[in-house]
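Notes follow once the structure below has been shown.
Read-outs: derived from the displayed coordinates by stated rules, not from any lab. Since the structure is predicted, the reported quantities are computational estimates derived from the model, not experimental observations. Reconstructed Cβ throughout: ideal geometry from the backbone, glycine too, with neighbour counts over all protein chains shown.
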Amino acid sequence: MESQRTPVEEAVSELVTGNDETTRVHQWRTEQLRRLGYPGGLASSLADMVDWHDIARLIERGCAPTLALKIVR
């Protein structure tokens, strides 16, 4: 017989395993910044602070990643 988890148990499980939406969004943003040339640790720390789209547009126009970050921040 399979036991069913309560909504609270399900939420805790998602947080512990990193499957909650906030974590997934953060990881996705981090990956986008890594693809733009930022190292993993920096990309992770910036992921929730900057709009990666703005940075991408600047880089696509020839701006260096370092300068793009200064402009966006």
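List of remarks:
- Theoretical gain in end-to-end length, residue 70 to residue 54 [0.36 nm per residue, Cα-Cα removed]: 4.6 nm
- Residue order, fewest to most surrounding Cβ atoms within 10 angstrom, among 53, 26: 53, 26
- With a Förster radius of 30 Å applied to the C-beta separation of residue 6 and residue 31, the computed FRET efficiency comes to 0.40.
- Table column - 3J(HN,Hα) (Hz), the stretch 37-48, Karplus curve with 6.51, -1.76, 1.60, x for Gly and Pro: x, 8, x, x, x, 5, 4, 5, 6, 8, 3, 9
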